[in-house]
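The values are calculated or read from the model by the stated rules, or taken from the named source; none is laboratory data. Here the structure is a predicted model, which is why all the values come from computation and not from measurement. Here the Cβ positions follow ideal geometry from the backbone for every residue, glycine too, while neighbour counts run over all protein chains shown. What goes into the accessible areas is simple: the full protein's heavy atoms, side chains included, and nothing from ligands, DNA or RNA. Shrake-Rupley method; radii C 1.70, N 1.55, O 1.52, S 1.80 Å.
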Amino acid sequence: MTKNPLGQQDAEVAAKSARQNRRAVYGCLAGLAVMGSITAASPTLYTMFCKATGYGGTTQRADANTGKVLDRTITVRFDSNIAPGLSWTFEPDVRKMEVKIGETALAFFRATNNSDKPVTGQATFNVTPEAFGSYFNKIECFCFKEQTLQPHQSVEMPVTFFLDPKLVEDSSTALQPEVTLSYSFFAAEHPKATAEVAPAPPKTGG
């Protein structure tokens, strides 16, 4: 019997095509699995990314200020907002202050619970221009945890911060004359039972 070379080639091509199709399907399934895992973890990853890079004006957190102080000042403005549903009044003691780059500064915000029941709030924050996010460091801040105010209670809430001198080496921040630190308070969805307002340190400046 005479062999059919063309038929054999067709069979080999079909087999190769089938193998390639299987690889493509397996690759797609693997990709979907990876994408699903990333999607599930995305809120945590996004938060970690913002904190590490200052993306979106996310400020940094520092244990202490160990850097040098430059002989140059920058204007720090303060902005405050209250989300709908939170019956508080919230505002900075001063709207702006002059701070030396690298200097540890202390600012205060005042919050008042205008309702007849205890209310717990949580503050979100960012800075503008957003490029300052990598250089704006907080040592202590009321925004690090939930805050519970008793009915009609008013409190002074401090934030201790400094601007990293490295900002003068960054073309996106080096010539900027001012930065704005903004807070927005929201009602906590699931208040922690231990949430309390920390006592404010004495005002020694700023």
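Which of the numbered conditions does Glu130 fail, given that it passes all the others? Conditions: (1) surrounded by fewer than 20 Cβ atoms within 10 Å (Cβ to Cβ); (2) closer than 11 Å to Gly102 by Cα; (3) acidic (Asp, Glu). For Glu130, the failing item is (2). Taken over segment 144-168, the criterion of being within 22 Å of Gly67 (Cβ to Cβ) and surrounded by fewer than 22 Cβ atoms within 10 Å (Cβ to Cβ) is satisfied by Phe144, Pro158, Thr160, Asp164, Pro165, Lys166, Leu167, Val168. If you filter segment 169-192 down to residues that are open to solvent by 60 Å² or more (accessible area, probe 1.4 Å) and in contact (Cβ under 8 Å) with a residue 60 or more places away in the chain, you find that the one that is nearest to Trp88 (Cα to Cα) is Phe186. Of all residues being closer than 22 Å to Gln147 by Cβ and of a type in the set (Val, Ile, Thr) in segment 89-127, which is surrounded by the most Cβ atoms within 10 Å (Cβ to Cβ)? Just the residue, please. The selected residue is Val127.
When Gly102, Gly133, Gly67 are screened for being outside any strand (DSSP E or B), within 25 Å of Pro177 (Cα to Cα) and touching a Cys at 6+ places or on another chain (Cβ under 9 Å), only Gly133 passes.
In the condition set (1) in contact with a His (Cβ under 9 Å, 6 or more places away or on another chain); (2) under 18 Å from Glu156 (Cβ atoms); (3) not in a strand (DSSP E or B), Val94 is compliant with all but (1). Residue by residue through segment 105-127, note down the ones that are of a type outside the set (A, V, I, L, M) and either within 30 Å of Asn65 (Cα to Cα) or part of a strand (DSSP E or B) (or both). Residues satisfying the conditions are Phe108, Phe109, Arg110, Thr112, Asn113, Thr120, Gly121, Gln122, Thr124, Phe125, Asn126. In segment 103-124, the residues that are without any contact (Cβ under 8 Å) to a residue 60 or more places away in the chain and farther than 16 Å from Ile139 by Cα reach residues that are open to solvent by less than 70 Å² (accessible area, probe 1.4 Å) and among the hydrophobic types (A, V, I, L, M, F, W, C) with C-beta atoms within less than 6 angstrom, at least six apart or across chains, in these pairs: Asn113/Trp88; Asn113/Val119; Asn113/Leu149.
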